[in-house]
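Asker: Here's a structure for you.
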Amino acid sequence: MRALPVRFDWGMATRARVRAPELVGKGGWLNTGGKDLSLADFRGKILVLDFWTFCCINCLHVLDELRELEEKHRDTVVIVGVHSPKFVHEADHQAVVDAVARYEVHHPVLDDPELVTWKQYAVRAWPTLVVVDPEGYVVAQHAGEGHAHAIAKLVEELEAEHTAKGTLRRGDGPYVAPEPVAGDLKFPGKAVRLPDGHYLVADSGHHSLVELAEDGETVVRRIGDGERGFVDGTAPRFSEPQGLALAPEGLGYDVVVADTVNHALRAVRLADGSVSTLAGTGKQWWQGSPTEGPAAGVDLSSPWDVAFFDGRVWIAMAGVHQLWAYDPAAETVAVAAGTTNEGLVDGPVAEAWFAQPSGLAVSADGERLWVADSETSAVRWVSRETQSVHTAVGTGLFDFGHRDGAADQALLQHPLGVTVLPDGSVAIADTYNHALRRFDPATGEVSTLATDLREPSGAVLVGEDIVVVESARHRLTRLRLPEEAVRVDAVAHRTQRAATEVAPGALRLEVVFQAPSGQKLDERYGPSTRLLVSSTPPELLLSGAGADSDLTRELVLSDQLTEGVLHVSAMAASCDDDPEIEYPACHVHQQDWGVPVRITPAGVSRLPLVLAGME
């Protein structure tokens, strides 16, 4: 079957008989035992295509959401991940292989580095889920996360429909598990140096913490049994822990852990390896949930790193693009900076925008909290005195590369860690450049300290050396801090996504939303929808920027620019539509888009985006 370009406004019709395009990707297939697959191999099955990229925290959330569906309907449903890269590093096949292992993806994955299948299915955002029925027709598309309940309901309807028609084929799918790789560490996240000179490492792939001797190799003990779980006590379990921070004396515990996939903050007492939960319920935070209160009762969202700053434990809350803080004395948690909007905006902490903050470090004088803001390929900092956010390196969501020099011209690629050096400069785990970089606030210069690392995610200072967590090499690597930086060829990139050609002047933005079956818009307490629009550069939008409750907006684009990015964030709330239900369940649907646009007289004057798939 030849894949033809698809021009279909997904969600504008229900159950339209649109034949699913073929699955094509230059990188080939993973988790199939070496077999190449086509749509014909899935005939008779309910196929769920998960368009994802491994840098995207929302995509990682969807992987977790799909696990239950995958297990419950394994004889009728096949999930296929279509890996569609944003960053240059994500187009590397071995990086995709590593990501599939790192995040325990237990279904076939098509590596599509050139976004061929992405374009055929008219996908506009990460993540996007597409449902194909047993006869090979697209029946639904959902952008964003939080759609597992709607897809589960649709799957049950399709099972009944195609069982009656005789077109449903039950049995095992094409997934073939890869051979496991043995080792003491598996995709370690971050590490701290303990007072006795040992290292405590977040062994993310083994869902545990590992104490290593001073050589950084010999295992002293393991905290956690290696199984994914959420268990306190002396036989604890974690789920992909990442960040670690040494606690000051007198708190009753020694280390704070960002237990990422458990959406929790955990505490470790080193004397006996006992673990307790400081914050989080184990459930992911959603729009409308509390953003402050007693820590044990407030949901968190993918905490990625932690640091003691200004008397509290600051949390890099990657899942909602914010910084939160835990107060050990009051045992409360609250938002400390950020709005949940994804982007790079400086200013007062309550107004700043972040994009998947993933690394934290505190300056020696305690006045600055350094932040690795991964999705904007930026290094930011929070001022304790002014309670404001500033950008040291980085320009936005779609510009990245490896370029040294003045900070306003330097480029990084998805950094995950920052470490303060003795002279006050900051070492940067420049993850997707496989490099250790350095920003010097005194000179405003960025340099390269080391290359040929493999997805470094954090680092620990040890005298005149620095110990780097090489996550994709499953090890700690000790380096001497060089007197002069290693010189590398400068490279700049912009995310390679097909730009939408739009005409200058008036552009009608329409966010299409229909509540899932059996639900209605929740307008009990005012408008149930919200639309926020901005642009890069800001002068792209002559009018139409800002927030309002209407999901349609008349924009006016400049005719003085040739390209840019429209940033669109939409939210809608829906509740069960059944008068017999005394306490209806409610859901918040949210999606952010970064839409590259090219200004041309022949471009379109209408831009539709689908907030939730229609069934």
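Asker: Lys/Arg Cβ at +1, Asp/Glu Cβ at -1, dipole of the chain taken about the Cα centre: which of W118, V389, G405 is farthest positive-ward?
Answerer: W118
Asker: When the Cα centres of the stretch 361-421 and the stretch 54-124 are compared, how far apart do they sit, in Å?
Answerer: What the calculation gives is 29 Å, centre to centre.
Asker: Would you please report the Å³ per residue occupied by the convex hull of the alpha carbon atoms in the stretch 128-264?
Answerer: Roughly 164 Å³ of hull volume per residue.
Asker: Let me spell out the model: positive unit charges on the Cβ of Lys and Arg, negative unit charges on the Cβ of Asp and Glu, origin at the Cα centre of the stretch 55-165. What dipole size does that give, in debye rounded to 20?
Answerer: The dipole magnitude comes to about 260 debye.
Asker: Pop a pseudo-label 7 angstrom from the Cα along the beta-carbon direction at both R222 and L521 and give the gap in nm to one decimal.
Answerer: According to this spin-label approximation, the distance is 5.3 nm.
Asker: If you put +1 on each Lys and Arg Cβ and -1 on each Asp and Glu Cβ, how big is the dipole of the stretch 200-341 around its Cα centre, in Debye rounded to 20? Kindly include the intermediate steps, with their values, before the conclusion.
Answerer: Working: 8 positive and 19 negative charges, 82 e Å.
Taking the Cα centre of the stretch 200-341 as origin, the dipole is about 400 debye.
Asker: Going by how many other Cβ atoms sit within 10 Å of their own, how do W29, W593, W286 line up, fewest first? Display every interim value, and only then the final one.
Answerer: Working: W29 19, W593 22, W286 15.
Fewest-to-most ranking of W29, W593, W286: W286, W29, W593.
Asker: Divide by every residue of the chain the summed helix terms, -39500 (n - 2.57) for each DSSP H run of at least 4, and state the resulting mean residue ellipticity at 222 nm, rounded to the nearest 500 deg cm²/dmol. Present the calculation step by step, with values, prior to reporting the outcome.
Answerer: Details: 4 runs with 49 residues, N = 615.
Computed ellipticity for the chain at 222 nm equals -2500 deg cm²/dmol.
Asker: On the principal axes of its Cα set, how long, how wide and how thick is the chain? Give whole Å, largest value first.
Answerer: 68, 57, 52
Asker: Just from the alpha-carbon atoms, what are the Rg and Dmax of the stretch 1-180 in angstroms?
Answerer: Just the Cα atoms of the stretch 1-180 yield Rg and Dmax of 15.0, 46 Å.
Asker: Could you grab the Rg to Rh ratio for the stretch 205-282? Cα atoms only, Kirkwood for Rh.
Answerer: 0.94
Asker: Just for the chain, what percent of DSSP beta bridges are antiparallel, to the closest 5? It would help to have the intermediate numbers written out before the result.
Answerer: Details: 149 of 170 bridges.
Counting DSSP beta bridges with both partners in the chain, the antiparallel share is about 90 percent.
Asker: Hey, another quick one. Could you grab the Rg to Rh ratio for the stretch 499-615? Cα atoms only, Kirkwood for Rh.
Answerer: 1.08
Asker: Distance from a point 7 Å along Cα→Cβ of A152 to each backbone N in the stretch 57-73: keep the residues under 11 Å and list them by number.
Answerer: Counting only backbone N, you get 65-73.
Asker: Could you check how many percent of all C-alpha pairs in the stretch 262-370 are farther apart than 25 Å? Please report the intermediate quantities before stating the final value.
Answerer: Values: 994 of 5886 pairs.
I get 17 percent for the Cα pairs in the stretch 262-370 exceeding 25 Å.
Asker: Only four residue types carry charge here, +1 at the Cβ of Lys and Arg and -1 at the Cβ of Asp and Glu. Report the dipole size of the chain about the Cα centre in Debye, rounded to the nearest 20.
Answerer: The calculation lands at about 1440 debye.
Asker: A follow-up question, please. Under 17 Å between C-alpha atoms is the cut-off here; go through the chain and count lysine pairs that meet it, provided they're at least eight residues apart or on different chains.
Answerer: Close lysine pairs under the 17 Å cut-off: 9.
Asker: For R170 and E385, what does the FRET efficiency come to when R0 = 45 Å and r is the distance between their Cβ atoms, rounded to the nearest 0.05?
Answerer: Using R0 = 45 Å, I get an efficiency of 0.10.
Asker: Here's another thing I want to ask about it. Nearest 5 is fine: what % of DSSP beta bridges in the stretch 1-180 come out antiparallel, could you say? Mind dumping the intermediate values first?
Answerer: Numbers: 15 of 25 bridges.
Of all bridge pairs located within the stretch 1-180, approximately 60 percent are antiparallel.
Asker: Moving on to the next point. For the stretch 359-496, just the Cα atoms, rotate onto the principal axes and tell me the three extents in Å, largest first.
Answerer: 40, 39, 26
Asker: Which order do the peptides 415-422, 21-28, 315-322 take when ranked by the mean count of other beta-carbon atoms within 10 Å per residue, highest first?
Answerer: 315-322, 415-422, 21-28
Just so you know, all these numbers are worked out from the coordinates, no wet-lab data involved. As the structure is a prediction and not an experimental result, all values here were calculated from the model. As a convention, Cβ positions derive from the backbone with ideal geometry for all residues, glycine included, and neighbour counts pool all protein chains shown.
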